[in-house]
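The values are calculated or read from the model by the stated rules, or taken from the named source; none is laboratory data. Owing to the predicted nature of the structure, the values given are computational and were not obtained by experimental measurement. A quick note on method: Cβ atoms are made from the backbone with ideal geometry, for glycine too, and the neighbour counts reach across all protein chains shown. Note: accessible area is taken over every heavy atom of the protein model, side chains too, but ligands, DNA and RNA are not part of it. Shrake-Rupley method; radii C 1.70, N 1.55, O 1.52, S 1.80 Å.
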Amino acid sequence: MKFSEMPYVRPDLAQVLADCAAYAEKIRKADSGEALVRLYREENACLAHYRTAQVLANIHYTQDTRDARWTAEQDWFDENGPSVANAEVEIARALLANPHSRALEAAFGSIILPTLENRVRSMDERVIDLQKEENALVSAYQKLYGGALVELDGKQLTIPQLMLYKQSLDRSIRRAAYEAEASYFDAHREEFDSIYDKLVKNRNEQARILGYRDYSELSYIRMNRIGYGPREVAAFRQEVADHVVPMLRDVMAMRAKRVGLEHPMFWDGELTFADGSPVPHGSYEELMERARTMYHELSPETGEFIDFMQDNEMFDVMSRPGKMSGGYEEIIPDHKTPFIFANWNGTAGDVDVLTHECGHAFEAYLAARTDLPEELQCPGMESAEIHSMSMEFLTAPWHGLFFGPDTDKYELFHTEDSFLFLPYGCMVDEFQHIAYQQPDLSPEQRNEVWRKLEEKYRPWNDFGDLPFYGRGAGWQRQLHIYECPFYYIDYCLATVIALQFFTASLQDHADAWQRYLKLTRLAGTATYAQLAQSAGMKVPFTPGSLTALSATIHDWIANHQV
């Protein structure tokens, strides 16, 4: 079914909650492992109808945050979603309390019982009102950000559309693009600060009620991190600071030489080549047809996937006023279809986001066609990002379809960009730990924390007197900090695996693809470490784990200057 044909009906909340209560009672009374597994499957299928409506409403809302109908539907889910989540917790309690619960592990793997335990530990009815408020605050941020229009070049532009100007060969235009962006954030400074301050206090109060020190502790439970915790993540961040940042100092010096700047400023950061950044060649229709060619040639599985996605209108990737910034993939459970949302702006990032979100969508497409219950079809977020970030590299043999004579430039840019992401992602993560562990910081103090982290993780950045960024408020552009706290480190953990897929593909692309396919087919039945190990990749929590990889990536970049 095409996306435009998918019917939407607001769920009957009373019926959803009654169904959840009925399943919880049946599960408590299940008298065999076989019965328990059957009820777990039934309960998943029942709630998939609610999740389908929730996803459809959110997609329509993010497509135009100004639309009154879909704003009302999003508000309804913001208000009532926490009650459904709490009802799901009661189902999890019943599953864990049943004496036959080990049957779930036998049927679905070792991850299911810890996942259910984390659900119980992260939610109960005492925080429902706070979660409603949290949802409303996140929607307010999305509306504030998604509604941004700035003046530049005699045009009204969205934030994503500024990227082309940030890559201009004219330095004054690059700075003007950043200043235009800054003008919006500075004009709404109090609103952005107020929303974040309320979010921090709200989430910390949820954590306190549930018995945690602060939200940085609760977040690891809600993110369903299994097999590692804050100590391992802190060790990983330190590995990045110790081994990746020094390598990147050299990479940034190579880039400065390449673009002909003795002292690059922050607004020069998107200039990657003296003659301009690589951009995809062709119209929307041409690029999408080339994507079809790429995925048909990559494998039979991806060929079937891309036909399904394009033939059923499962892409909305062009930027426009009112559309929420960023990109995402969502599975629409009842229709067994992924949906891809992005904001193309004519830059190389369009191909990045295409292959990235297709990595998510490909895994979701495969998993939806198995007999796995819906909530086990996708792994934890750090593992899900392996699918997306590795796909960016494994499609490299076909990047020429998009970039033609600029393909070598794109490959260098993409590898540099992925490497550069590691310290930025760690900076976002450490900032959030500080923000929630010190909730009384003023907006100015939070900005000072960000400035100090810039010095630690990106010491090559010189902001000069640039508005907004210069005062340390650049973190407010990062949607994840507001919308899904502590998610961002997942991209870093996945990037380390993706870079290993990259180096493996340089040696034997066919073998690297088969290893990726094996990992992907495990869906949500394994932990991050188990998934990485299934493909023969190293988990990056041990001292020195990034030393060799960092040197390899640095040397590849040094040997591929164009």
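Some observations on this one:
- Arg225 being farther than 15 Å from Leu130 by Cβ and either buried (at least 18 other Cβ atoms within 10 Å of the Cβ) or among the charged types (D, E, K, R) (or both): yes
- Each residue in segment 497-521 was checked for being under 17 Å from Met389 (Cβ atoms) and either in contact with a Lys or Arg (Cβ under 8 Å, 6 or more places away or on another chain) or in a loop (DSSP other than H, G, I, E, B) (or both), and 3 of them qualify.
- Subset tally (residues that are basic (Lys, Arg) and open to solvent by less than 20 Å² (accessible area, probe 1.4 Å)) for segment 124-142: 0
- Among (1) open to solvent by less than 50 Å² (accessible area, probe 1.4 Å); (2) touching a residue at least 40 places away in the same chain (Cβ under 8 Å) - the single one Asp250 does not satisfy: (1)
- Check on Thr520, more than 30 Å from Ile434 (Cα to Cα), crowded, with 21+ Cβ neighbours inside 10 Å and of a type in the set (Val, Ile, Thr): yes
- Beta carbons closer than 8 Å, at least 6 apart along the sequence or on distinct chains, pair a first residue in segment 296-308 that is closer than 17 Å to Tyr516 by Cα and open to solvent by 90 Å² or more (accessible area, probe 1.4 Å) with a second that is aromatic (Phe, Trp, Tyr) and at pLDDT 95 or above for Glu297/Trp398.
- Matching residues, segment 522-558, being farther than 14 Å from Thr503 by Cα and in a helix (DSSP H, G or I): Tyr528, Ala529, Gln530, Leu531, Ala532, Gln533, Ser534, Thr547, Ala558
- Segment 143-159, subset in contact (Cβ under 8 Å) with a residue 60 or more places away in the chain and open to solvent by 20 Å² or more (accessible area, probe 1.4 Å), residue nearest to Tyr196 (Cα to Cα): Lys143
- Matching option when the condition is out of contact with any Pro (no Cβ under 8 Å at 6 or more places or on another chain), closer than 29 Å to Ala494 by Cα and in a helix (DSSP H, G or I), among Val233, Val200, Val240: Val233
- Here segment 98-118 is the region considered, the condition is being in a helix (DSSP H, G or I) and without any contact (Cβ under 8 Å) to a residue 60 or more places away in the chain, and the residue that is surrounded by the most Cβ atoms within 10 Å (Cβ to Cβ) is Leu116.
- Of all residues in segment 275-282, none satisfies being crowded, with 21+ Cβ neighbours inside 10 Å, touching a Gly at 6+ places or on another chain (Cβ under 6 Å) and under 23 Å from Phe421 (Cβ atoms).
- Residues that are within 20 Å of Cys46 (Cα to Cα), surrounded by fewer than 23 Cβ atoms within 10 Å (Cβ to Cβ) and under 19 Å from the mean Cα position of the chain (by Cα), drawn from segment 333-364: Thr337
- Residue list for segment 64-88, restricted to those being assigned to a helix (DSSP H, G or I), open to solvent by less than 60 Å² (accessible area, probe 1.4 Å) and either among the acidic types (Asp, Glu) or in contact with a Lys or Arg (Cβ under 6 Å, 6 or more places away or on another chain) (or both): Glu73, Asp78, Pro82, Glu88
- Filtered residue count, segment 371-428, keeping only those that are farther than 30 Å from Arg446 by Cβ, of a type in the set (Val, Ile, Thr) and part of a helix (DSSP H, G or I): 3
- Among residues of segment 7-46, those that are outside any helix (DSSP H, G or I) and surrounded by 18 or more Cβ atoms within 10 Å (Cβ to Cβ), counted: 2
- Tally of residues being open to solvent by less than 50 Å² (accessible area, probe 1.4 Å) and closer than 21 Å to Leu261 by Cβ across segment 164-180: 9
- Residue ID - farthest from Arg231 (Cα to Cα), chosen from residues in segment 414-452 that are open to solvent by less than 30 Å² (accessible area, probe 1.4 Å) and among the aromatic types (Phe, Trp, Tyr): Phe419
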